[in-house]
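The values are calculated or read from the model by the stated rules, or taken from the named source; none is laboratory data. This is a predicted model, so every value here is computed, not measured. No Cβ is skipped: glycine too gets one built from the backbone with ideal geometry, and neighbour counts run over all protein chains shown.
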Amino acid sequence: MRPQLKKFIDTIGKDSIAIIPAAHEKTRSYDTEYKFRQDSDFWYLTGFPEPDAIAIITPGKRTKYTMFVRPRDPLMETWYGRREGIEGAKENYGVQKALSVEKFEKEIGKLLDGHEKLYYRFGVDSDLDKLILDYLSNQRFRRLKTAYPPHTIIDPTIIIHEMRLHKTEEEVELMQTSADIAAEAHVLAMKKIKPGMNEFQVEALMEAYMRDKGASGVAYNSIVGGGENATILHYVENNADLKNGDLILIDAGAEYEGYASDITRTFPVNGKFSKAQREVYDVVLETQKACVEATKTGTTIKQRQDLSIEMLTEGMKKLGLLKGATKTLIKNKKYEKYYMHGVGHYIGMDVHDAGRYFTDQEAKESRPFEPGMVLTVEPGIYVPADDKSAPEKYRGIGIRIEDDVLVTEDGNRNLTTKVPKEAEEIEQLMNGGRSKARRASK
Ligand code: GLY
Ligand code: MN
Ligand code: MN
């Protein structure tokens with residue numbers, strides 16, 4: 001049994017039952033499916049990789065860990081792939097009792113009865129919601145004369161997400177591999193990009209690299225935006241030609257053994273920053289480095305966000321994008337015209353990972369960083385191409401720099417240092433180690 005499942009069993013207590021469903025396959029078009037991705041909570045607790053399974057956790061019983069799984073079926077397996085089946089679930093995943101998922105509906109009453117609390121998250125799997133609700137309402141109709149279903153329903157993610165937020169050493173190791181693969185893919189892009197290439201060619205070479213290194217794929221749709229496409233935060237068309245003199249913004253991460261990385265770099269298509277590009281770049285880089293530094297035990301999420309806002313607002317003033325007193329500009333959120341997103345988020349099995357950002361949801365008390373959390377650091381400045389109020393030389397420039405940072409007892413560890421972010425280092429890398437060369441003129 002996985003240590004995280006053991007901890008979950010110990011936490012929910014003996015008078016409880018938890019029902020944790022796996023994900024289902026999803027139709028992409030007509031009779032083709034998206035590549036299957038397991039539900040992160042289910043995967044975290046069980047490690048079981050198949051769709052349609054349902055884990056039943058009953059800490060007060062002798063059999064604490066039951067799983068309903070797809071049964072072995074030679075015909076289905078010939079068409080659609082191997083299944084662990086009942087034996088595989090027990091032998092390979094530490095399940096104490098395994099049953100065919102086809103039996104779940106019949107068994108649900110027996111499972112639920114006799115437990116005080118039900119840990120189940122409504123609103124994710126509507127078919128399962130209905131089965132559970134139907135059973136509960138039928139029992140109420142019978143006024144509990146013959147059955148004793150749970151009377152308290154609790155969302156298990158209150159516990160699971162808090163566990164997922166604090167990464168174990170094993171998880172950090174997987175996240176480091178995911179980060180290394182993505183960082184190397186970014187380095188490859190820096191080495192290969194030249195004017196005239198299309199954004200999709202850059203996307204293709206990075207994603208091929210990730211798969212080649214054992215990633216299951218990307219952690220989210222890659223953003224590869226040349227020129228003013230970089231000012232669109234979630235630009236994913238990735239189909240424009242890259243122009244000499246433009247910047248390219250690449251936001252791409254890998255998924256490795258279920259763990260995401262999330263890296264952004266912005267650099268010149270021709271291997272040399274122009275003076276104007278460099279001016280904006282330096283503002284973002286300086287802010288990013290200060291916010292990486294601030295990602296340490298004790299600093300709160302809000303303090304780090306405020307730091308990014310303050311530094312970027314100062315920078316925008318220096319660039320002539322904003323005018324006025326910094327305090328007033330911040331109070332009136334004037335920076336949002338050029339910096340409209342948060343400075344970072346938790347990352348783990350999901351790129352925008354589980355975990356609360358507040359210690360007190362009512363008071364919105366910002367949460368301090370704690371060892372084991374992994375967060376991105378990703379400030380940016382995006383100057384719309386048609387922004388008449390901005391100095392002309394900056395119009396259409398979009399810059400974001402993003403790293404993934406683990407909070408440790410005595411500071412932090414940046415997981416994504418394998419890809420450079422200092423402007424000179426990037427230029428050197430792009431020019432095969434020579435600092436002054438300009439590839440476009442070669
Ligand atoms: N790539 C998504 C993000 O940076 O949050
Ligand atoms: Mn990103
Ligand atoms: Mn991010």
Quiz item: So is K388 outside any loop (DSSP other than H, G, I, E, B) and surrounded by fewer than 20 Cβ atoms within 10 Å (Cβ to Cβ) or not?
Solution: no
Quiz item: Out of the residues in region 221-246 that are of a type in the set (D, E) and surrounded by fewer than 21 Cβ atoms within 10 Å (Cβ to Cβ), which is nearest to ligand 1 (Cβ to nearest atom)?
Solution: E237
Quiz item: What residue, among those in region 162-210 that are part of a helix (DSSP H, G or I) and hydroxyl-bearing (S, T, Y), is nearest to D262 (Cα to Cα)?
Solution: S178
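Among strands (runs of 3 or more DSSP E) lying entirely in region 247-362, which contain 3 or more residues that are among the hydrophobic types (A, V, I, L, M, F, W, C) and within 16 Å of ligand 1 (Cβ to nearest atom)?
Values: elements: 247-252, 254-256, 263-268, 358-360.
It comes to 247-252.
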Quiz item: Going through region 257-268 one residue at a time, which ones are crowded, with 24+ Cβ neighbours inside 10 Å and away from ligand 2 (no atom under 16 Å from the Cβ)?
Solution: P268
Quiz item: Which of (1) within 19 Å of E402 (Cα to Cα); (2) assigned to a helix (DSSP H, G or I); (3) of a type in the set (S, T, N, Q) is the odd one out, the single condition Q139 does not satisfy?
Solution: (1)
Exercise. Mind telling me which of the residues M340, M316 ends up being within 15 Å of ligand 2 (Cβ to nearest atom), at negative phi and of a type in the set (A, V, I, L, M, F, W, C)?
Key: M340
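Which one of these is within 16 Å of ligand 3 (Cβ to nearest atom), under 17 Å from S389 (Cα atoms) and surrounded by 19 or more Cβ atoms within 10 Å (Cβ to Cβ): Y346, Y335, Y339?
Y339
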Practice problem: Sort out which residues of region 391-409 are surrounded by fewer than 20 Cβ atoms within 10 Å (Cβ to Cβ) and under 25 Å from the mean Cα position of the chain (by Cα), and write them in order of number. | Solution: T408, E409
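Considering region 235-274 alone, what residues qualify as being among the hydrophobic types (A, V, I, L, M, F, W, C) and within 16 Å of ligand 3 (Cβ to nearest atom)? Reasoning before the result, please.
Quick first cut of region 235-274, residues among the hydrophobic types (A, V, I, L, M, F, W, C) only: 236, 240, 242, 247-250, 252, 254, 260, 263, 267, 269, 273.
Once the filter is applied, which keeps residues that are among the hydrophobic types (A, V, I, L, M, F, W, C) and within 16 Å of ligand 3 (Cβ to nearest atom), region 235-274 yields V236, L249, I250, A252, A254, A260, I263.
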Quiz item: Within the set of pairs 6+ apart or on separate chains, which have a first residue in region 254-275 that is at positive phi, a second that is among the β-branched types (V, I, T) and more than 16 Å from ligand 1 (Cβ to nearest atom), and C-beta atoms under 8 Å apart?
Solution: E257/T177
Self-check item: Cβ-Cβ under 7 Å pairs, at least 6 apart or on other chains, region 402-428 side without any contact (Cβ under 8 Å) to a residue 12 or more places away in the chain and within 21 Å of I181 (Cα to Cα), far side more than 16 Å from ligand 1 (Cβ to nearest atom) and in a strand (DSSP E or B)
Solution: R413/L406
Quiz item: Of all residues in region 18-38 being part of a loop (DSSP other than H, G, I, E, B) and in contact (Cβ under 8 Å) with a residue 60 or more places away in the chain, which is farthest from Q4 (Cα to Cα)?
Solution: K35
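Return the residue satisfying two criteria in turn: it lies in region 211-220 and is away from ligand 3 (no atom under 16 Å from the Cβ) and not in a loop (DSSP other than H, G, I, E, B), and of such residues it is surrounded by the fewest Cβ atoms within 10 Å (Cβ to Cβ).
In the first step, residues of region 211-220 are kept if they are away from ligand 3 (no atom under 16 Å from the Cβ); the result is 211-217.
Now drop any that are not not in a loop (DSSP other than H, G, I, E, B), which leaves 211-212, 217.
Details: R211: 14, D212: 10, G217: 13.
The qualifying residue surrounded by the fewest Cβ atoms within 10 Å (Cβ to Cβ) is D212.
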Quiz item: Quick check: is even one residue across region 144-155 at pLDDT 95 or above and in a helix (DSSP H, G or I)?
Solution: no
Practice problem: Identify the single condition in (1) surrounded by 19 or more Cβ atoms within 10 Å (Cβ to Cβ); (2) within 16 Å of ligand 3 (Cβ to nearest atom) that I426 does not satisfy, given that it satisfies every other one. | Solution: (2)
